[in-house]
Amino acid sequence: MTRLLFPIWRKRQRLANLLRYCSKNSLLDQGVQVHAATLRMGFGFDLMLSNDLIGMYAKCDEIDMACLVFDRMIDRNVVSWTALMCGHLQNANARATLSLFCQMVFLCVKPNEFTFSTNFKACGILHVPKIGMQIHGICVISGFESVPVVGNSIVDMYSKCGIIKEAAKMFNVLPVKNLISWNTMIAGYTLAGQGEKALVWFHRMQENGEILDEYTLTTMLKACSGLGKIREGSVIHGYLITSGFPCSAKAAIAGSLIDFYVKCGNLVEARRVFNQIGEKNVISWSALILGYAQEENLGEAIELFRQLQNSSMRVDGFVLSSMMGVFADFALVEQGKQMHAYAVKIPYGLEISVFNSIVDMYLKCGILDEAERLFNEMPARNVVSWTVMITGFGKHGLGKEAIRFFDQMRLDNIDPDAVTYLAILSACSHSGLIEEGEEYFSQLCHNRSVKPGIEHYACMVDLLGRDGRLKEAKDLIESMPLKPNVGIWQTLLGACRVHGDLQLGKEVGKSLLTLDGDNPVNYVMISNIYAEAGYWKDYEAVRELAKTKGLRKEAGRSWVEIDKELHFFYGGDNTHPLMEKIHVVLTEMEKKMKQEMGYVHGVKFALRDIDEESKEESLRVHSEKLAIGLALLHGGWDEGRVIRVFKNLRICGDCHDFIKCLSKILKVVFVVRDANRFHHFKDGLCSCRDYW
């Protein structure tokens, strides 16, 4: 009898080994053949082999087949349940994992340590601490809390759910603290944006005698980059060198070092590390490319991307989306179109995130028709896709169109998230759709899955301010369940300036300076409200206070694309080689506007301590005017021409009036994107209706 069973057992074990090999190496075709052999040999209902089949299909991304095997099993044990839970988690379906756990517990199947660790991971992914706590309770009762893999999973779950205090509490009661335990806590603090505490725990870890691994070091470099602590990060880099750690051979470490130096503004060191890497990965390339872009060295960023294209490295969706983001931020239309043409030719270009970034690029460059065409052609859309369209059309002042997209999204059974609600409220605000905005805010307040944040309240303050309901706006701020921030008070102060409510403006100004007395923007806004009311002593006092504190606001900068090249201008700039000709064109335009429309400079937007003629001269050198001057110099002013100009700050009142008049007399369309929205100037009118 024993002799008969031995060959059967050996065949069964051989099948199990083959399935585990196929699972480990993701060999689906071979796995299917082994499955067929299992059925032919009469092992179709064997518990061990069925468990191995579930694992194999899950690892090969065939979760439906894994479920089919599971459903057909006559007997199941905890390994069966856990294998399918792991499969769902590996296939990005954490909810299905937790659902299976509930079914298993209901059927009185006792979880093991791997069941618990898998489900704690699912809770962390979904950010559902309440469910995590319930599973933690079951874990304590069953005695698995003290098992290292389970204890570390609990710490990780609380960290990823943002309950870092509970994570620390759990860490402190762990009977065995290993490297994974320490790494989990450090990563938790880093993820929570508490880099300082991550550094403290890092030092504690070293004092405890733990040997640092790759994960520890990459996490700490991330913490240092978030804090901008160049010295601490450089010490870690020094440790890597002195300990003989093969940085150039470890892609994750090298990528983290490059990212660290980029975020700390040291591109020279970032490039040096990059050049030393033997085999560069996509993270290294993308970190350096984005670093050059952030420093406005677009030529180097584009050249690096070309090198990446010509290398053997596969350009993934993240890099494509990142590059699209660069072109969108700087409104590089032609480069964006070239990137679009490149993206559609490679596999990653079909990812939904890449499609979203391309649509966003066209919207931010002011090409709405192309954005909508591409959006309509997308094979699949998610909530981000719809939000991008709502945001884009909203910033162009096309609130009704934004509402159309919002309504269509709901018809497609996609629920809006917090960002979508922010987009539609902002769109209503930009278009002066007061009643519609109030209705959407009411819907948000009654939404069970999405709660209004401070940004949503700021949109409502802007809406009420636009309507002149300043007291209601102030009451909303004071009655909301959230602590007011700088942005919401700035929104109300802006409305006070537009409507000339000096008294309320003073009150809001005091609140602003109490909240953030070191922000130069606050002083500029407060001084402007005094200037427009003619209270020059108060104006001077506020400016003097800012000067005493050594505060300087960000310099105004505008740019325009001419023949695929960006030309940047600052206020009062005199460095452009065609500056003399630009001034000639602008002076000619001013004369034309004065003769035909009686245009006069809005000198109230100029400095006070200079004479009237000098005031006019200072207004003539505002950055957006210089950019327009160059565009007119290059392309003329043929009727119907569209000139696109971009600015890093909000457009000033004088430039706004100037461009309105210019669009009237030249019959040219000007599209200006400032820090807040798009302004479409046509026939002497602006899409913002003079409220921005």
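Hey, can you tell me all the residues within segment 317-359 that are in a helix (DSSP H, G or I) and among the small types (Gly, Ala, Ser)? Residues satisfying the conditions are 317, 321, 322, 325, 328, 336, 341, 343, 349, 353, 357.
Quick check, is residue 78 surrounded by fewer than 19 Cβ atoms within 10 Å (Cβ to Cβ), within 25 Å of residue 110 (Cα to Cα) and not polar (S, T, N, Q)?
Considered against the rule, which asks whether it is surrounded by fewer than 19 Cβ atoms within 10 Å (Cβ to Cβ), within 25 Å of residue 110 (Cα to Cα) and not polar (S, T, N, Q), residue 78 comes out as yes.
Does residue 169 qualify as being without any contact (Cβ under 8 Å) to a residue 40 or more places away in the chain and more than 22 Å from residue 224 (Cα to Cα)?
For residue 169, the condition - without any contact (Cβ under 8 Å) to a residue 40 or more places away in the chain and more than 22 Å from residue 224 (Cα to Cα) - is met.
For segment 209-218, the criterion of being in contact with a Phe, Trp or Tyr (Cβ under 6 Å, 6 or more places away or on another chain), assigned to a helix (DSSP H, G or I) and surrounded by 20 or more Cβ atoms within 10 Å (Cβ to Cβ) is met by no residue. Output the residues belonging to segment 36-60 that are part of a loop (DSSP other than H, G, I, E, B) and loosely packed, with under 14 Cβ neighbours inside 10 Å. Matches in segment 36-60: 42, 45. Collect the residues in segment 636-673 that are within 24 Å of residue 499 (Cα to Cα), touching a helix residue (DSSP H, G or I) at 6+ places or on another chain (Cβ under 8 Å) and either part of a loop (DSSP other than H, G, I, E, B) or among the acidic types (Asp, Glu) (or both), keeping them in residue-number order. Result: 651, 652, 654. Among helices (runs of 4 or more DSSP H) entirely within segment 422-510, having at least 2 residues that are among the basic types (Lys, Arg) and exposed (fewer than 15 other Cβ atoms within 10 Å of the Cβ) singles out no element at all. The set of residues in segment 541-584 being touching a residue at least 60 places away in the same chain (Cβ under 8 Å), closer than 26 Å to residue 524 by Cβ and among the charged types (D, E, K, R) consists of 554, 557.
Select, from 371, 402, the only residue that is small (Gly, Ala, Ser), more than 23 Å from residue 335 (Cβ to Cβ) and either part of a loop (DSSP other than H, G, I, E, B) or out of contact with any Lys or Arg (no Cβ under 7 Å at 6 or more places or on another chain) (or both).
Residue meeting the stated conditions: 402.
Within segment 179-230, restricting attention to residues that are basic (Lys, Arg) and under 28 Å from the mean Cα position of the chain (by Cα), the residue that is farthest from residue 165 (Cα to Cα) is 229. For first residues located in segment 184-202 and more than 18 Å from residue 231 (Cβ to Cβ), partners that are in a loop (DSSP other than H, G, I, E, B) and lie 6+ apart or on another chain with Cβ distances below 8 Å form the pairs 192/162. Taking the listed residues 367, 352, 358, 390, the one that is at pLDDT 90 or above, closer than 22 Å to residue 558 by Cα and β-branched (Val, Ile, Thr) is 367, with no other qualifying.
Scan segment 17-31 for residues that are part of a helix (DSSP H, G or I), of a type in the set (S, T, N, Q) and closer than 16 Å to residue 86 by Cβ and the total you get is 1.
Taking the criterion of being of a type in the set (Ser, Thr, Tyr) and modelled with pLDDT of 60 or more, the residues of segment 583-615 that qualify are 587, 599.
Condition check ((1) over 21 Å from residue 398 (Cα atoms); (2) assigned by TED's automatic domain parsing to the domain that holds residue 572; (3) surrounded by 15 or more Cβ atoms within 10 Å (Cβ to Cβ); (4) touching a Gly at 6+ places or on another chain (Cβ under 7 Å)) across all residues:
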| site | (1), (2), (3), (4) |
| --- | --- |
| 635 | yes, yes, no, no |
| 653 | yes, yes, yes, yes |
| 660 | no, yes, yes, yes |
| 675 | no, yes, no, no |
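A single member of 298, 290, 320, 350 is closer than 26 Å to residue 245 by Cβ and either buried (at least 22 other Cβ atoms within 10 Å of the Cβ) or not assigned by TED's automatic domain parsing to the domain that holds residue 644 (or both), and it is 290. Going by what's in this entry, would residue 12 be described as exposed (fewer than 12 other Cβ atoms within 10 Å of the Cβ) and either modelled with pLDDT under 90 or farther than 23 Å from residue 77 by Cα (or both)? Answer is no for this residue.
Inside segment 555-597, residues that are of a type outside the set (D, E, K, R) and exposed (fewer than 13 other Cβ atoms within 10 Å of the Cβ) make up a count of 6. All of 151, 143, 195 fail the test of being of a type outside the set (Ser, Thr, Tyr), surrounded by 24 or more Cβ atoms within 10 Å (Cβ to Cβ) and more than 26 Å from residue 64 (Cβ to Cβ), apart from 151. Screening the candidates 262, 273 for the property of being within 18 Å of residue 231 (Cα to Cα) and under 21 Å from the mean Cα position of the chain (by Cα) yields one hit, 262.
Of all the residues in segment 91-127, those that are among the aromatic types (Phe, Trp, Tyr), over 12 Å from residue 78 (Cβ atoms) and at pLDDT 95 or above number 1.
The values are calculated or read from the model by the stated rules, or taken from the named source; none is laboratory data. Here the structure is a predicted model, which means the values were calculated and not measured. Here the Cβ is made from the backbone with ideal geometry for all residues, glycine too, and neighbour counts use every protein chain on show.
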